[in-house]
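Structure, as structure tokens:
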Amino acid sequence: MATAIKKTISLPPELAKEAENIAREEKKPLSAVIQDALRYFRKARLKDEFFQTRNYWSRIAKEKGILTEDDLKRYLKK
């Protein structure tokens, strides 16, 4: 069973109003809107980290001449 921890947060007035409008439009409690926003942010951040990591290793592979799966197999046999 999920538990909830109550927190008090401060939002700038325009952000608070926007969150309240979203809650009203989606017929959700304000806390659900904030939870959705945090989940979205977390997912976006993880996606960004994934692409940064992939780009880093792609660059390293290219520097070593590893462009295909066969190149990788040859490199790993060394």
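Is it the case, given these coordinates, that Lys43 is farther than 30 Å from Leu67 by Cβ and without any contact (Cβ under 8 Å) to a residue 40 or more places away in the chain?
Yes; evaluated as a whole, the condition is true for this residue.
Can you tell me which residue in the stretch 22-77 is surrounded by the fewest Cβ atoms within 10 Å (Cβ to Cβ), limited to those that are touching a helix residue (DSSP H, G or I) at 6+ places or on another chain (Cβ under 6 Å) and under 30 Å from Thr8 (Cβ atoms)?
Among them, the one singled out is Leu30.
A short reminder: the numbers here are calculations on the coordinates, not readings from a lab. Please read all numbers here as calculations on a predicted model, not as lab measurements. All Cβ positions, even for glycine, are placed from backbone atoms using ideal geometry, and neighbour counts span all protein chains on display.
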